[in-house]
Amino acid sequence: MKKNQETISPLPQKIRLTGGDYFMLALDNKKCSTGLNGSICRLSMALSQPVDPDRLRTVLVQSAFAQWLPHLCFSRPVPFMRPRWLVNDQGQQISVITHKSEPSYITTGKYHNMRFDLFNNESGCARMVFTWPHALMDARGAEAFIQNLNIVEKEGHDREGLVNPERREPLTRRLQAMQTFGSRINQARKSVHYITNASRTPIAAFSPINSQSCNTTQSARIINFDEDETVQIERQCYASGANFMKSIFFLAASIKAVKAGLVRRNIKDGAIVVPVPKNLRLRGKPGPAFANHISTMTYRVKGNEAFRIPDIVTVLKEQMMNQMRAGIPEHYEVLMNLFRRMPLSQYSKILREPTKGQIATFFFSDVGESFKDTETFLGAPIQDVIHFAPVGFPPGLAIVFMRFKGMLCAIISYVLECFEQNDIDLMESVLRQGLLDGSNQ
Amino acid sequence: MTEPVTAEQIGKSLFDFIKSRIVASGVDFNVDTNFSDIGIDSVSLVELLLFLERSFNIRIPDSHLTRANLSTINTLAGCASSCGSVVS
């Protein structure tokens with residue numbers, strides 16, 4: 001029996017931001033203050049046939065979630081209260097924009113606008129690009145959102161569980177929580193201590209080539225690996241000492257590549273510092289699409305340890321185990337939740353301290369398997385998927401790994417003003433070689 | 001003298017830990033379900049290894065962290081039981 005729309009839980013009229021959401025909003029605020037359009041993510045999907053824009057518009061109208069998302073408005077009625085998203089009647093619908101050919105760039109438009117760009121070329125192939133603000137969804141959430149559109153088309157309504165509001169606990173539990181407020185402060189302090197130590201200066205970092213300021217035009221280099229190469233890379237994970245920890249191996253290869261870039265630019269001082277997001281969703285089911293469900297682990301590799309991948313793997317493995325053993329990701333989540341009470345302008349300022357704006361050498365993420373068990377998007381077979389991370393300056397560089405249909409892909413996203421093509425060519429070459437032959441590099 | 005913990009005991013504890021802390025409610029699995037089938041990724045595997053450290057004082061050496069040993073609850077429990085090295 002088909003589930004009626006009325007039996008699906010209604011979407012909330014107000015919902016608290018997670019600590020991750022508020023952190024993304026602070027980063028967004030920081031970028032907007034430099035003239036950018038905010039912290040904007042993109043997902044690009046190659047399709048073997050075009051998607052009918054009217055079909056997509058119909059599905060977006062049918063989806064209560066897609067109607068709800070653009071109407072969320074940031075609210076903090078009382079200072080230092082935890083902020084919320086409130087539903088109102090303002091906000092633009094998710095746009096669907098068609099293009100006859102594929103341009104080399106997409107302007108993001110005003111903050112908070114989500115959009116689908118559909119590119120249909122003459123050979124019959126097509127590309128769909130979904131753009132969204134990071135403060136509303138993380139990468140896995142965006143994938144869940146798109147997969148949900150297939151469900152809406154098939155069943156006429158959203159699936160359950162797209163939104164996971166923070167539950168209001170019973171009074172007794174809340175009273176108990178107040179008695180352990182001190183322990184939460186203690187956890188947050190441990191996190192601050194760890195992050196401050198891990199990201200202490202000097203940090204090796206790229207800077208604009210020709211000017212003092214950065215307009216931060218973004219570009220990306222995509223590195224694809226076929227099936228055989230992906231299998232070879234998995235073997236190298238084990239041979240390098242990373243074993244089953246593929247992300248650690250990818251990060252080690254990325255650090256080696258970035259080190260090569262730094263050496264080319266004669267940037268010798270400073271450690272390589274990389275914050276890495278940790279997915280907090282429970283496994284085994286498509287989780288919530290809405291909100292950022294992430295914590296962070298921070299890695300610090302000394303300059304003289306960043307030349308050989310097996311050496312880098314050893315350092316990273318130890319730091320990963322130590323952080324998880326010490327509960328750093330949990331403490332960090334508590335810290336980000338506590339920061340929700342801070343005014344946004346103050347939070348953005350804190351993000352610049354104590355490293356005077358240099359928060360990392362580069363950003364890194366391993367998205368994992370993308371669109372597993374999803375063959376089509378609104379009937380169009382999916383050929384390829386790419387995630388483009390938002391990257392502003394500093395640090396001006398982000399490396400994202402992902403897998404689609406078992407094949408690995410690495411995306412180097414960067415700010416044009418900070419890099420010459422030769423820098424990116426070198427990093428691509430070193431990264432590719434490091435992944436394919438890591439144990440010997 | 002305490003008796004060594006059995007693979008079955010470890011397996012049951014792992015099952016309970018995974019059910020309560022790692023996978024979403026309603027996900028159906030047993031001690032022979034492949035970890036990848038229930039979305040257990042490398043970060044989750046690290047959490048399982050640290051759970052074994054905390055709960056049983058067992059630290060599995062790198063040489064035993066093979067694909068075969070890390071495929072199901074039973075294989076992991078068997079590996080942990082045979083390693084049984086005490087964390088100092």
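Scanning segment A:395-411 for residues that are in a loop (DSSP other than H, G, I, E, B) and either closer than 21 Å to residue A:30 by Cα or within 12 Å of the chain's Cα centre (by Cα) (or both) returns A:395, A:396. The set of residues in segment A:286-309 that are more than 20 Å from residue A:363 (Cα to Cα) and within 12 Å of chain B (Cβ to nearest Cβ) comprises A:286, A:287, A:288. Check whether at least one residue in segment B:75-86 is out of contact with any strand residue (DSSP E or B) (no Cβ under 8 Å at 6 or more places or on another chain), within 14 Å of another protein chain (Cβ to nearest Cβ) and loosely packed, with under 12 Cβ neighbours inside 10 Å, and report yes or no. No - not one qualifying residue is present in segment B:75-86.
In this structure, residue A:128 does not qualify as of a type in the set (A, V, I, L, M), at pLDDT below 90 and crowded, with 18+ Cβ neighbours inside 10 Å. Within segment B:48-68, being in contact with a Ser or Thr (Cβ under 7 Å, 6 or more places away or on another chain) and either part of a helix (DSSP H, G or I) or buried (at least 19 other Cβ atoms within 10 Å of the Cβ) (or both) holds for B:55, B:58. When residue A:319 is tested against (1) in contact (Cβ under 8 Å) with a residue 24 or more places away in the chain; (2) within 14 Å of another protein chain (Cβ to nearest Cβ); (3) more than 20 Å from the chain's Cα centre (by Cα), exactly one condition is not met: (1).
When you check residue B:13 against the structure, is it more than 26 Å from residue A:402 (Cβ to Cβ), modelled with pLDDT of 95 or more, more than 13 Å from chain A (Cβ to nearest Cβ) and part of a helix (DSSP H, G or I), yes or no? Yes; evaluated as a whole, the condition is true for this residue. Taking residues in segment A:236-248 that are more than 7 Å from every other protein chain (Cβ to nearest Cβ), and partners anywhere that are assigned to a helix (DSSP H, G or I) and aromatic (Phe, Trp, Tyr), the pairs with Cβ atoms closer than 8 Å and at least 6 places apart or on different chains are A:236/A:249; A:237/A:249; A:240/A:249; A:242/A:249. Annotation note: Cβ proximity below 7 Å between a residue of segment A:17-28 that is under 19 Å from residue A:69 (Cβ atoms) and polar (S, T, N, Q) and a residue that is in a helix (DSSP H, G or I) and at pLDDT below 90 (sequence gap 6+ or interchain) occurs for no pair.
Sort through A:47, A:56 and tell me the only one that's surrounded by 14 or more Cβ atoms within 10 Å (Cβ to Cβ) and over 24 Å from the mean Cα position of the chain (by Cα).
Step by step, each of A:47, A:56 is checked, and only A:56 is surrounded by 14 or more Cβ atoms within 10 Å (Cβ to Cβ) and over 24 Å from the mean Cα position of the chain (by Cα).
Does residue B:22 qualify as being in contact (Cβ under 8 Å) with a residue 24 or more places away in the chain, closer than 19 Å to residue A:320 by Cβ, crowded, with 19+ Cβ neighbours inside 10 Å and facing chain A (nearest Cβ under 8 Å)? So residue B:22 passes the test. Take segment B:49-60 and flag every residue that is touching a helix residue (DSSP H, G or I) at 6+ places or on another chain (Cβ under 9 Å) and more than 11 Å from chain A (Cβ to nearest Cβ). Matches in segment B:49-60: B:52, B:55, B:56, B:58. Taken as a whole, the condition of being more than 10 Å from chain A (Cβ to nearest Cβ) and not hydrophobic (A, V, I, L, M, F, W, C) applies to residue B:6.
For residues that are surrounded by 16 or more Cβ atoms within 10 Å (Cβ to Cβ) and more than 11 Å from every other protein chain (Cβ to nearest Cβ), tally how many sit in segment B:28-47. Count: 1.
Selection of segment A:162-193 for residues being assigned to a loop (DSSP other than H, G, I, E, B), closer than 30 Å to residue A:69 by Cα and modelled with pLDDT under 90 yields A:164, A:165, A:166, A:167, A:168, A:169, A:170. Restricting attention to segment A:252-271, does a residue exist that is surrounded by fewer than 19 Cβ atoms within 10 Å (Cβ to Cβ) and of a type in the set (Val, Ile, Thr)? Within segment A:252-271, one or more residues are surrounded by fewer than 19 Cβ atoms within 10 Å (Cβ to Cβ) and of a type in the set (Val, Ile, Thr).
The values are calculated or read from the model by the stated rules, or taken from the named source; none is laboratory data. Given the structure is predicted, the values throughout are model-derived calculations rather than measurements. No Cβ is skipped: glycine too gets one built from the backbone with ideal geometry, and neighbour counts run over all protein chains shown.
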